[in-house]
1. Condition first: at pLDDT below 90, exposed (fewer than 13 other Cβ atoms within 10 Å of the Cβ) and on the phi > 0 side of the Ramachandran plot. Can you find one or more residues in the range 7-20 that meet it?
2. Out of Thr69, Thr41, which single residue is under 11 Å from the mean Cα position of the chain (by Cα), assigned to a strand (DSSP E or B), surrounded by 13 or more Cβ atoms within 10 Å (Cβ to Cβ) and modelled with pLDDT under 95?
Amino acid sequence: MTRTPPTAGAAARTTDAVMLRVHLTDRQHYAAMNEAYARFTDRHLGTGPRPCRTTVMVGLPLPGMLVETDAQAVLGP
């Protein structure tokens, strides 16, 4: 699993994220994803507030894809 900040290469920072969406292809991967998500947010957000999260079970476009994530961030004063 690659743990790249969702805002890598963008003007936003991980701490600007207000919503994260996780798309899983298999319900059995939820516990492992949840553990990875907790490690990621602990590492990148510390004790700060966590963004809202939605997790859905879907079919993804490429064979072998197990998870896809996207983030919404708010920038500004």
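1. There is at least one residue in the range 7-20 that is at pLDDT below 90, exposed (fewer than 13 other Cβ atoms within 10 Å of the Cβ) and on the phi > 0 side of the Ramachandran plot.
2. Numbers: Thr41 fails: assigned to a strand (DSSP E or B).
Answer to the check: Thr69.
The values are calculated or read from the model by the stated rules, or taken from the named source; none is laboratory data. Just so it is clear, the structure is predicted and the values come from calculations on it, not from any experiment. Quick reminder, even Gly has a Cβ in these numbers, built from the backbone with ideal geometry, and neighbours come from all protein chains shown.
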